1. Which residue out of Asn21, Asn57 is surrounded by fewer than 20 Cβ atoms within 10 Å (Cβ to Cβ), of a type in the set (S, T, N, Q) and within 17 Å of Ile150 (Cα to Cα)?
2. In the list Ala5, Ala78, Ala13, which residue meets the criterion of being out of contact with any strand residue (DSSP E or B) (no Cβ under 9 Å at 6 or more places or on another chain) and aliphatic (A, V, I, L, M)?
3. Within the stretch 145-188, which residues are touching a strand residue (DSSP E or B) at 6+ places or on another chain (Cβ under 6 Å) and hydroxyl-bearing (Ser, Thr, Tyr)?
4. Limited to the stretch 14-39, what total is found for residues that are closer than 17 Å to Gly103 by Cα, among the hydrophobic types (A, V, I, L, M, F, W, C) and in contact with a Gly (Cβ under 9 Å, 6 or more places away or on another chain)?
5. So is Ile196 of a type in the set (A, V, I, L, M) and either surrounded by fewer than 20 Cβ atoms within 10 Å (Cβ to Cβ) or within 19 Å of Ser34 (Cα to Cα) (or both) or not?
6. Going by the conditions given, is Ile88 out of contact with any strand residue (DSSP E or B) (no Cβ under 6 Å at 6 or more places or on another chain) and either modelled with pLDDT of 95 or more or within 23 Å of Ala5 (Cα to Cα) (or both)?
7. Residue check, Glu142 against (1) touching a strand residue (DSSP E or B) at 6+ places or on another chain (Cβ under 7 Å); (2) surrounded by 24 or more Cβ atoms within 10 Å (Cβ to Cβ), all met but one. Which one?
Amino acid sequence: MAGKATRVAFGEALLRIGARNERVVVINADLGKSTNTVKFVQQFPDRSFNVGVAEANMIGIGTGLALEGWIPFICTFASFVAGRFETIRVSVAYNHANVKIVGTHAGIGIGEDGYSQMAIEDIALMRSLPNMAVVQPGDGIETERAVEYIVQHQGPVFLRLTRQKVEDVNPPDYRFEFGKGVILEAGQGEGRDLTIIATGGTVHNTREAARELRKQGIDARAVNIHTLKPIDEELTLDSIQRSGRILTVEDHGVVGGLGSAVSEVVAERGEGIVRRIAVRGFGESGDPIALYKKFGLSTDNIVAEAKKLVKK
């Protein structure tokens, strides 16, 4: 059974946090239902603002509120976050404003809405800003814990969430540690042959791929990287030193995302091979499961690519 979409878990966590912290405010760009902030809006109307289809205005208002001591969550589709990069760069990042930018409907996993609504460049853009933290949870439980952390984090944060439901990969007592990856499946040899690193909507498929690989005699471990910036350099280097091989899997473009972040660490401080599974080219409209298969993000494809890498 599938868990819940991480955007749904976000909305539930935000409602609880809003009841405890009166400085939390929410700003929407006419997408309260889609971003799952509608319950917060209903419960705390005096701390909720809908600016209409005016994302740049939303960012400016959020920055102003943050500079006055509020904790604004500005919420829209991740594709629109990418489309307002210049405003985020100047208003939020340059001012080091304590704004929490929430981008839902990320990646090709949104399915039938098609490429115009698919954010597959957003991580690359947000990672390029010097002081922007980038967080992408792998399931609902992790999302709730991440939001609890983010509200306390000082400085701008980009939180990337799924439209589609994702399987739970973490236990109920899971603890979120900012900047620290999570080893989901270790294997008897702790990844002697290969480490597969994933983020967001691809984490479950990656864990299942590692399990299948071990059945076939390949010692693979699966790692969930929920914080893409700052990335867990220690775990990344440990992974490459164990086997000399890392395979990254992400629902994002091949440039600038998880694979790029891992490659940067390995290139600067380690030796080995990093192979990237990501969206190459543009997305398209279709069933999310079929799109994951077509673009190489399915469990079967991850297994196949891992086996090629081990042979290499």
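1. Asn21
2. Sole residue among the options that is out of contact with any strand residue (DSSP E or B) (no Cβ under 9 Å at 6 or more places or on another chain) and aliphatic (A, V, I, L, M): Ala13.
3. Thr162
4. Of the residues in the stretch 14-39, 5 are closer than 17 Å to Gly103 by Cα, among the hydrophobic types (A, V, I, L, M, F, W, C) and in contact with a Gly (Cβ under 9 Å, 6 or more places away or on another chain).
5. Considered against the rule, which asks whether it is of a type in the set (A, V, I, L, M) and either surrounded by fewer than 20 Cβ atoms within 10 Å (Cβ to Cβ) or within 19 Å of Ser34 (Cα to Cα) (or both), Ile196 comes out as no.
6. Taking the combined requirement at face value, the residue satisfies it.
7. All conditions pass for Glu142, except number (1).
Every residue, every condition in (1) part of a helix (DSSP H, G or I); (2) surrounded by fewer than 24 Cβ atoms within 10 Å (Cβ to Cβ), yes or no:
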{"position": "Thr248", "(1), (2)": "no, no"}
{"position": "Val255", "(1), (2)": "no, yes"}
{"position": "Ala261", "(1), (2)": "yes, no"}
{"position": "Glu271", "(1), (2)": "no, yes"}
{"position": "Arg275", "(1), (2)": "no, yes"}
{"position": "Ala290", "(1), (2)": "yes, yes"}
{"position": "Asn301", "(1), (2)": "yes, yes"}
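The values are calculated or read from the model by the stated rules, or taken from the named source; none is laboratory data. Remember, predicted model here, so these are calculated numbers, not experimental data. Here Cβ is always computed from backbone atoms with ideal geometry, including for glycine, and neighbour counts include all displayed protein chains.
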